[in-house]
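Student: To start, I am sharing the structure in question, which I have written as structure tokens.
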Amino acid sequence: MYKNEFTQDYASDKRIESLQTERNTLRSVEDQWEIHNFSNIEFSLERESESTEIEEGSVSFEIQGDIRTSISVFFLRKLLNNIQLLGSTAKRIFSTLFYKECSENFELKNFSTIDWIDENTKERDRKQTIQKLRGIWGQLYRFWDFSQLWKGISVGIISGFIDIVSGWLSDIREGYCKYGFYLNRNFCCWVPQEVKQVEKTCHDWISWGDTFNILKKRSYIVSYIFYIIFATLFGVISSFLVNNYAYYAKNSGISEIKIMLSGFIVHDFLGKWTLIVKSLSVCLSIASGLWIGKEGPLIHISCCCADFFFKIFSSAKENQAKKREILSAAAAAGTSVAFGAPIGGVLFALEQLSYYFPEKTMWGSFVCAMIGAMSLKVFINPFRDGRLVIYQAFFKVEWYSFELIPISLLGVIGGLYGFAFIKYNKKILKLKSSYQITNYPIQEVLIVAFITSLVNYSNILMKFQHSNLLAQLFKKCNENDTIIFCMKGNIISSMFILLLSIIFGIFLSCISFGLQIPSGIILPSMVIGALYGRLIGIVLQYIQHKVPSAWVFSACKPDIECVAPEIYSIIGSASALAGVTKMTVSLVIIMFELTGALTYVLPIMIAVMISKWISDAFGKYGIYESWIYLNNYPYLSKDLKVKNDTIENYITETSKLITISAKGHTIKSLVHPNYVELLLKNYTYRGFPIINNDDEAILIGYISRFQLQLALGNYPSKKAKMSINIRKTATAIFLPYNFQIHQYTLILDHGWINHHLHCLRKAVYN
């Protein structure tokens, strides 16, 4: 019988500096295996010599069900010797590429937390190993490890795909292009800048009513029917894809991204099926005409892209802390291509999404957002005019001091809208849950899409795709415009249509955001804000035209437009979005990048500030935080206030602490019902402190509840058991993960077994 003996010296930095083992010959490696557990517990295994005699042949292991692998001891010994003969750079590359922590091979529980300290320490060690690489290969490897190109390019391409496909599907509801069925309306009838003029002059676009050569009155009814059929069908297909292939593709995904970036695990949320299904179904959702947006889903899609490439190419693919840095950068890229605002995307990730945003993450986000926007503009150019989004506009208009009153009013309306939307959206969701409507998601989408299409087609403004409507609201009117709020002498009708669109828009967005389809709230909120902003701008312009000599308008210059309604649309969009999401700095920058109106940054800031004040007065959380708490997701807000109590109110006596000593255990003592099982059953703590011994009680580490269960409950277990007989009296010692192994100590984990000698864990030889 052989038994390992360890001596340990814990340094002041709580890390092991040395682990001295005694080995006489390489034969002792063959006779005595050290299997290191997933949760930093080391089992020093004993075996009976009469039942486990190992010859220079093979040892059989069984792991994860039916997978069996024979590992040649002779082969392992020879492989170790060959590694020693390699050059230093090659050895480091080998150890970098194939080094794995035991814990990486096991999935954490859903909605469990990651160990930030442990993950950051592993990432630091990995980077130190990479920095030691020499030569051109070392430089290339470091560049590849840092590179953000693949994330930005993939997000830019997918964003362009969504813009093109959703635009084409939206136009298919009304007709088709005679000379190319694949062309949307704008490309079929290419007349720059004048969408409504296209409707009057283009003969290449054929409506569904005109297809059957029927009378004009009946043509409207036929077109109406086709519009309803296509809109409802697109919504139903989108819901079917989500509910049958990728459940996490529903909604915007920003709430889940927030909790993931704060350190929680959400399995399958960033899976490849989620990426594929959400990319397809978001096009269908937008084309259905439902009052939802693509901006939130696009951020989720960008995170899925980042996770996909991270798993394929990164040497740190199992490091959860590094993964969250990558996701923060991907979220910035998603926002960048969604709004055409790279700087705003970085600030959005910082302000709205990330729980922890160090300088290195900001730099990565900056690069990723830039590459994403550049890819969309250069490689895709979806609108063939250089714009990243169709509602991008530019202004060079001055504003006057009297406009502070309507600007402040827009802020108040935005705050009230944000409060009302969050309140009634939550009420609708709770009502649907109480009546079990959510158990029939596809039928629910069918009904809402049908109602929405009925309303949209009958309203000249709501009939537009939301991005096109926003582009019209942001645009300055000219003589050729035929849209209703630009037609002279039609102010009463314009005000009525705008007001009606606001009311229906708020109602439809409240019932649509929460359907089990990819759906965002950013674009609908911007449209609603632009509608009431345009309404106030038109009213103010009308008053100024009627009484130009009033003292209020004394600052206006003659023969120069004093009030620009399109500017109020932009300010209204910002105020509505601030009220719903509680965004501030990033929102102002996004609106500035959208418009280029440097002179209107201050009015936008004023409206956003007032909107947030009003919204905060009625409710503490924005729409994404509200959804987090509505779904009972685990989330610790960084805005929580800490009470100014004395330390004695938080100190617990050592005798009352539930601790585990690092030494003095055997496998039997740990798994015995009187110890760990009772420990886990009687206490609901998320983890336990590890002390050096019961007498000194010096804290040397911490083990989470899940890792302890995994180590003692599942290993050895039916899914992971060895054919070698392990005595229950074998010593079990708690060790930090980053100790060094000396003197031919060979460590095997289940990564060896699963991958058939695919990787060798790093060993250090003295």
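Student: Would you call residue 420 within 29 Å of the chain's Cα centre (by Cα) and surrounded by 18 or more Cβ atoms within 10 Å (Cβ to Cβ)?
Tutor: On the way: within 29 Å of the chain's Cα centre (by Cα): yes; surrounded by 18 or more Cβ atoms within 10 Å (Cβ to Cβ): no.
No, not satisfied.
Student: Additional query: Please go through region 502-519 and pick out each residue that is surrounded by fewer than 21 Cβ atoms within 10 Å (Cβ to Cβ) and aromatic (Phe, Trp, Tyr).
Tutor: Result: 504, 507.
Student: If residue 455 satisfies every condition in (1) more than 25 Å from residue 628 (Cα to Cα); (2) part of a helix (DSSP H, G or I); (3) modelled with pLDDT under 90 but one, which is the exception?
Tutor: Here residue 455 meets the rest and fails (3).
Student: Take residue 334 and decide whether it is within 25 Å of residue 294 (Cβ to Cβ) and under 14 Å from the mean Cα position of the chain (by Cα).
Tutor: On the way: within 25 Å of residue 294 (Cβ to Cβ): yes; under 14 Å from the mean Cα position of the chain (by Cα): yes.
The answer is yes for residue 334.
Student: While we're on this one: Got at least one residue in region 262-276 being crowded, with 24+ Cβ neighbours inside 10 Å and at pLDDT 90 or above?
Tutor: Taking region 262-276 and keeping what is crowded, with 24+ Cβ neighbours inside 10 Å, we get 270, 274.
Applying the additional criterion that residues be at pLDDT 90 or above yields 270, 274.
Looking for residues that are crowded, with 24+ Cβ neighbours inside 10 Å and at pLDDT 90 or above, one finds at least one in region 262-276, hence yes.
Student: Another question, then. Determine which member of the set 332, 349 is buried (at least 24 other Cβ atoms within 10 Å of the Cβ), among the aliphatic types (A, V, I, L, M) and closer than 19 Å to residue 161 by Cα.
Tutor: Working: 349 fails: closer than 19 Å to residue 161 by Cα.
So the residue among 332, 349 that is buried (at least 24 other Cβ atoms within 10 Å of the Cβ), among the aliphatic types (A, V, I, L, M) and closer than 19 Å to residue 161 by Cα is 332.
Condition check ((1) touching a residue at least 12 places away in the same chain (Cβ under 8 Å); (2) surrounded by fewer than 21 Cβ atoms within 10 Å (Cβ to Cβ); (3) hydrophobic (A, V, I, L, M, F, W, C); (4) more than 15 Å from residue 502 (Cα to Cα)) across all residues:
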site: 527; (1), (2), (3), (4): yes, no, yes, no
site: 535; (1), (2), (3), (4): yes, no, yes, no
site: 543; (1), (2), (3), (4): no, yes, yes, yes
site: 567; (1), (2), (3), (4): yes, no, yes, yes
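Student: Also, I was wondering about something else. So for region 396-410 (the condition being touching a Pro at 6+ places or on another chain (Cβ under 6 Å), within 20 Å of residue 303 (Cα to Cα) and crowded, with 18+ Cβ neighbours inside 10 Å), does at least one residue qualify?
Tutor: No, region 396-410 has no match at all.
Student: Taking the stated definitions as given, is residue 235 out of contact with any helix residue (DSSP H, G or I) (no Cβ under 6 Å at 6 or more places or on another chain), in contact (Cβ under 8 Å) with a residue 24 or more places away in the chain, of a type outside the set (Ser, Thr, Tyr) and not assigned by TED's automatic domain parsing to the domain that holds residue 448?
Tutor: Details: out of contact with any helix residue (DSSP H, G or I) (no Cβ under 6 Å at 6 or more places or on another chain): no; in contact (Cβ under 8 Å) with a residue 24 or more places away in the chain: yes; of a type outside the set (Ser, Thr, Tyr): yes; not assigned by TED's automatic domain parsing to the domain that holds residue 448: yes.
Spelling it out, it is not the case that residue 235 is out of contact with any helix residue (DSSP H, G or I) (no Cβ under 6 Å at 6 or more places or on another chain), in contact (Cβ under 8 Å) with a residue 24 or more places away in the chain, of a type outside the set (Ser, Thr, Tyr) and not assigned by TED's automatic domain parsing to the domain that holds residue 448.
Student: For the condition surrounded by 20 or more Cβ atoms within 10 Å (Cβ to Cβ), modelled with pLDDT under 90 and either more than 15 Å from residue 414 (Cβ to Cβ) or not acidic (Asp, Glu) (or both), what is the one hit in 624, 650, 600?
Tutor: Numbers: 624 fails: modelled with pLDDT under 90; 650 fails: surrounded by 20 or more Cβ atoms within 10 Å (Cβ to Cβ).
So the residue among 624, 650, 600 that is surrounded by 20 or more Cβ atoms within 10 Å (Cβ to Cβ), modelled with pLDDT under 90 and either more than 15 Å from residue 414 (Cβ to Cβ) or not acidic (Asp, Glu) (or both) is 600.
Student: For region 461-489, which residues satisfy the criterion of being of a type outside the set (Val, Ile, Thr), surrounded by fewer than 20 Cβ atoms within 10 Å (Cβ to Cβ) and in contact (Cβ under 8 Å) with a residue 40 or more places away in the chain?
Tutor: 468, 475, 476, 477, 480, 481
Student: Based on this model, can you work out whether residue 413 counts as outside the structural domain of residue 155 (by TED's automatic domain parsing), in a helix (DSSP H, G or I), more than 26 Å from residue 166 (Cα to Cα) and of a type in the set (Val, Ile, Thr)?
Tutor: On the way: outside the structural domain of residue 155 (by TED's automatic domain parsing): yes; in a helix (DSSP H, G or I): yes; more than 26 Å from residue 166 (Cα to Cα): yes; of a type in the set (Val, Ile, Thr): yes.
Spelling it out, residue 413 is indeed outside the structural domain of residue 155 (by TED's automatic domain parsing), in a helix (DSSP H, G or I), more than 26 Å from residue 166 (Cα to Cα) and of a type in the set (Val, Ile, Thr).
Student: So which pairs qualify, if the first residue must be in region 691-703 and closer than 13 Å to residue 734 by Cβ, the second must be of a type in the set (Lys, Arg), the Cβ gap must be under 7 Å, and the two must be at least 6 apart or on different chains?
Tutor: Close Cβ pairs (under 7 Å, with a partner that is of a type in the set (Lys, Arg)) amount to 693/663; 700/14; 701/14.
Student: Sticking with this one: Filter region 490-500 for residues that are part of a helix (DSSP H, G or I) and either surrounded by fewer than 16 Cβ atoms within 10 Å (Cβ to Cβ) or hydrophobic (A, V, I, L, M, F, W, C) (or both) and give the result. Explain how you work it out, then say what you get.
Tutor: Within region 490-500, the subset part of a helix (DSSP H, G or I) is 491-500.
Across region 490-500, the qualifying residues are 491, 492, 493, 495, 496, 497, 498, 499, 500.
Student: Of all residues in region 446-460, which are among the hydrophobic types (A, V, I, L, M, F, W, C) and either in contact with an Asp or Glu (Cβ under 7 Å, 6 or more places away or on another chain) or buried (at least 23 other Cβ atoms within 10 Å of the Cβ) (or both)?
Tutor: Initially, region 446-460 is screened for residues among the hydrophobic types (A, V, I, L, M, F, W, C), giving 446-451, 454-455, 460.
The answer is 449, and nothing else.
Student: Continuing with this model, one more query. Residues 538, 517, 511, 503: which one is farther than 24 Å from residue 405 by Cα, among the aliphatic types (A, V, I, L, M) and part of a helix (DSSP H, G or I)? Give the derivation first.
Tutor: Working: 538 fails: farther than 24 Å from residue 405 by Cα; 517 fails: part of a helix (DSSP H, G or I); 503 fails: farther than 24 Å from residue 405 by Cα.
None of the others qualify; the one that does is 511.
Student: Name every residue in region 355-386 that is closer than 14 Å to residue 338 by Cβ and buried (at least 18 other Cβ atoms within 10 Å of the Cβ), in order of residue number.
Tutor: Start the filter on region 355-386 by keeping residues that are closer than 14 Å to residue 338 by Cβ, which leaves 368-369, 372-373, 375-377, 380, 382.
Hits for region 355-386 are 368, 369, 372, 373, 375, 376, 380, 382.
The values are calculated or read from the model by the stated rules, or taken from the named source; none is laboratory data. Just so it is clear, the model here is predicted, and its values are computed rather than measured. No Cβ is skipped: glycine too gets one built from the backbone with ideal geometry, and neighbour counts run over all protein chains shown.
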